Structure formats: C-alpha cells, structure tokens
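Peer 1: Sharing a structure with you now.
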Amino acid sequence: MKICSFNVNSIRARLGLLLDWLSHRGDDIDVLCLQELKTVDEGFPINEFQALGYHCELYGQKAFNGVAICSRLPVVSVSKGFGSDTEWDKQRRIMQVRLGGSADGITVVNVYAPHGGERGSEKYNYKLQWYEQFKSYLSTIAHDTNNTAFVVGDFNVARYDSDVYDPAALKDTIATMPEERRAFETIIECGFTDIYSHCHPGKSHYTWWAYGAAIWKDQGMRIDYALATAQALAITKDIGVDLWPRRKKTPTPSDHAPLIVETDGSRLNANSHSKDLIGSFMPSS
DNA sequence: ATGCCCTTCAATGAAGGA
C-alpha cells in the first residue's frame, strides 16, 4: 500500500499534471494527501478523483492553504482542523482520517505548516505558535500506544543542514532557523520517527525546489516529511520522492515533489497495483 | 546544454509562498 504526500500549489492549476502522474505510475497510490489546494471545497475537482476510485475528504480554503485526503481504503472517520472552533482553524492546514477497520486500521494526518516569512516577523511568530498547537494535536495521537498513525505533509522546516543544498548560504533563513528546527524536534519527541531518515540513514532527499533552474541543479530543501508511530513504522517498507511531476515542463509543475511511503497493507486489504519500485529519480546531471 | 517564479483575486499589481 502506498501513501503519498504532495503539496500541489493549487489543485486547480495542477489537476492535469496530477492525473498524468497518477496514470504514469499505474495508479498505484492508495492514499493521496494534498496540501495547498488554494480553493474552497466546491472548487476541488472531485469527479476526476472519484473516477479513479478515490473517496475525497476536503478541507479547502479560498486562495490560500487547504488540505485534502483522497483514499481508496474505506474512511472510518474524519476530523478537520485542530477542532473546537479554535482561532487556529482560520487557516485550514490540518486534517486526519481513520482508514480501514477500527481495530486494524491506520490513522493518517495530513498537514500544511505555515511558511513563516522572515525571522521575527508576525508570520514567523505565528509559525512557532502554530507548531505548539500541532504538538498538542499530535500528542493525543502519540499517547494512544496502539495507534498505527502516519503524519505526512509540508512541515516547512529543513530538519538538518544536510536537508538544504547550501547550508552556509541558507543559514538563518526561513526553514533552517534554530527555533523552527527545535519546534520540529518537539514533534518528533511526541513519539514519531522521521521515516526518510530511518529508511535512509545519513542521507537526504529534497522535496522542494524554487521555481526556475533549481530542479535541474538539485538545489532544493527537504521540507516535506512522513512521520510514523512505532506501530506505523513496523509496517513501513520504504519511502521515496518521485521527481517525475517536478521535472515535467508542461503542464507547469508544483514547486514540491510527491513523497511516497510504502507500507505492508495486507492487513488493510489494500487493493493496489503495487510495484516494488517507489520511483526515485535523481537529476541526470 | 538548456531550463532561469508561480497562483490567486470584487485583480490589471500586490500578496503569499519557501
């Protein structure tokens, strides 16, 4: 079974590319977690995804933010936002679903963390405070010791210096600052494992490149992650970044590439056309 | 060996992204 996290930077602008890509892969994605929809729910092209066998849970917002989870596994329950009408849900950035059965199912959290602007700005403070909310939200999930839970999305933090192409040049710029990295670690300390670092120790793979020539020079950052509880890690087989949709010239790509987790989905009766290869392609030069 | 910012909106440039 495969769970994908993809910041699409507008679902309406990216629909063609997204459908091309899913087809190109042989329709092997079972759970598709999308970020930065940039549209209200009514603007989401739900028919196209239903035609591919996905059930869509939407949490959209006009012009900014917005997340969705499209699943081929049965959705048992859904929760959108941090909940209880909090001020923190004015920006729609987080949702979760329970998939499969209640006993042998999995929880998938889909998140789009704030960018943060510049250090010391209002947006920067918002980002750090938002991470506090995120931490308590995830603590609840992590404290359920039997919870097979994945947390995927755009965290807007490059965890290590090796997660950026030029650590010296990017020192103390957004996504690399000590306070942000500390905030990221508090999430991990709730009881999660960074699946990429676990499966590929000592290595990094970027998930975002600025628009322009950066993708052709592999000058990017790792800011998208998949985290797992111990139970989730136990069924995790591999993780990779698929560069195909990022390197496509037409239609215009997102600035992110999709991150794909492969798990042992037999207990969930996942009916996918899984292939052995997750599909990681490095730039040719 | 090249590519050299994109999307949104009571829009026609500005704001937000990373």
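The values are calculated or read from the model by the stated rules, or taken from the named source; none is laboratory data. What you see is a predicted model; the values in this text were computed from it and never measured. Using ideal geometry, Cβ is built from the backbone for each residue, glycine included, and neighbour counts are taken over all protein chains shown. Note: accessible area is taken over every heavy atom of the protein model, side chains too, but ligands, DNA and RNA are not part of it. Shrake-Rupley method; radii C 1.70, N 1.55, O 1.52, S 1.80 Å.
Peer 1: Kindly provide the pair-distance distribution of segment A:30-120 built from C-alpha pairs, with 5 Å bins from 0 and whole-percent values in order of increasing distance.
Peer 2: 3, 14, 23, 23, 18, 11, 5, 2, 1, 0
Peer 1: What is the sum of charges around residue A:253, taking Lys and Arg as +1, Asp and Glu as -1, for the other residues whose C-beta is under 9 Å from the C-beta of residue A:253?
Peer 2: Within the 9 Å Cβ shell, the charges total +4.
Peer 1: Would you calculate the separation in nanometres between label points at residue A:200 and residue A:248, each defined as 7 Å from the Cα along the Cα-to-beta-carbon direction?
Peer 2: According to this spin-label approximation, the distance is 2.1 nm.
Peer 1: Quick one: if the Förster radius is 35 Å, what FRET efficiency do residue A:168 and residue A:91 give, using the C-beta to C-beta distance and rounding to 0.05? Don't skip to the answer; put the middle values down first.
Peer 2: Details: r = 32 Å, r/R0 = 0.93.
My answer for the efficiency is 0.60.
Peer 1: Let me ask something additional. Using a 1.4 Å probe on the protein heavy atoms, what percent of the accessible area of segment A:44-97 belongs to carbon and sulfur? Show your work: numbers first, answer last.
Peer 2: Details: 1240 of 2560 Å².
Percent of accessible area from carbon and sulfur atoms in segment A:44-97: 48.
Peer 1: Oh, and also: For segment A:173-276, rounded, prolate or oblate, judged on the Cα gyration tensor with a ≥ b ≥ c (square roots of eigenvalues), a/c < 1.5 rounded, else prolate if a/b > b/c?
Peer 2: Note, shape of segment A:173-276 comes out oblate.
Peer 1: What is the diffusion coefficient of chain A in µm²/s, taking the Kirkwood radius over Cα pairs and the Stokes-Einstein relation at 25 °C with a viscosity of 0.890 mPa s?
Peer 2: Taking Rh from Cα pairs, D becomes 131 µm²/s.
Peer 1: Just grab the label-to-label distance for residue A:122 and residue A:264, each label 7 Å out from Cα along the Cβ direction, in nm (one decimal).
Peer 2: 5.1
Peer 1: If the limit is 21 Å between Cα atoms, which of A:217/A:248; A:80/A:237; A:203/A:237; A:38/A:237 go over it?
Peer 2: On the way: A:217/A:248 15 Å; A:80/A:237 28 Å; A:203/A:237 17 Å; A:38/A:237 32 Å.
Flagged as over cut-off: A:80/A:237; A:38/A:237.
Peer 1: Counting only helical runs of four or more DSSP H residues, what would the 222 nm mean residue ellipticity of chain A come to if each run contributes -39,500 (n - 2.57) and the total is spread over all its residues?
Peer 2: Rounded to the nearest 500, the figure is -7000 deg cm²/dmol.
Peer 1: Provide the percentage of antiparallel DSSP beta bridges, counting only those with both residues in segment A:1-147; round to the nearest 5.
Peer 2: Around 80 percent of the beta bridges assigned by DSSP in segment A:1-147 are antiparallel ones.
Peer 1: A further question on this structure: Please state the charge dipole magnitude for segment A:1-85, taken about the Cα centre, from unit charges on C-beta atoms (+1 on K and R, -1 on D and E), reported in debye and rounded to the nearest 20. Before the final figure, lay out each step's value.
Peer 2: On the way: 8 positive and 10 negative charges, 30 e Å.
In total the dipole reaches around 140 debye.
Peer 1: Once both labels are modelled 7 Å past Cα along the beta-carbon direction, what's the residue A:189-residue A:135 spacing in nm?
Peer 2: Calculated label separation equals 0.7 nm.
Peer 1: Continuing with the same structure: So how do A:69-82, A:159-172 stack up, highest first, on mean other-Cβ count within 10 Å? The partial results should precede the final answer.
Peer 2: Values: A:69-82: 18.3, A:159-172: 14.5.
By packing density, highest mean first, the sequence is A:69-82, A:159-172.
Peer 1: Continuing with the same structure: Report the per residue volume, in Å³, of the convex hull enclosing the C-alpha atoms of segment A:1-70.
Peer 2: On the way: hull volume 5.0 nm³, N = 70.
About 71 Å³ per residue, rounded to a whole number.
Peer 1: Mind running the shape call on segment A:171-211? Use the C-alpha gyration tensor, a ≥ b ≥ c as the square roots of the eigenvalues: rounded below 1.5 for a/c, prolate if a/b tops b/c, oblate otherwise. Intermediate values should be presented prior to the final figure.
Peer 2: Values: a/c = 2.28, a/b = 1.11, b/c = 2.04.
Oblate, since a/c reaches 1.5 and b/c is not below a/b.
Peer 1: I would also like to ask the following. Once the dipole of chain A is set up with Lys and Arg at +1 and Asp and Glu at -1 on Cβ about the Cα centre, which of A:243, A:105, A:94 lies farthest towards its positive end?
Peer 2: Positive-most Cα among the choices belongs to A:243.
Peer 1: Two-decimal Rg/Rh of segment A:96-203 from alpha-carbon positions, Kirkwood Rh?
Peer 2: 1.01
Peer 1: Which chymotrypsin sites (Phe, Trp or Tyr not before Pro) in segment A:203-267 sit in a loop by DSSP (not H, G, I, E or B) and have at most 16 other Cβ atoms within 10 Å of their own Cβ?
Peer 2: A:211
Peer 1: Shifting gears a bit: Determine the sum of side-chain charges near residue A:40: Lys and Arg each +1, Asp and Glu each -1, restricted to other residues whose C-beta is under 12 angstrom from that of residue A:40. Present the calculation step by step, with values, prior to reporting the outcome.
Peer 2: Values: positive: A:12, A:38, A:62, A:92; negative: A:41, A:42.
Once positives and negatives cancel, what remains is +2.
Peer 1: Using 0.36 nm per residue, how much length does the chain from residue A:115 to residue A:103 gain when fully extended, once their Cα-Cα distance is taken away?
Peer 2: This chain segment gains 0.7 nm when fully extended.
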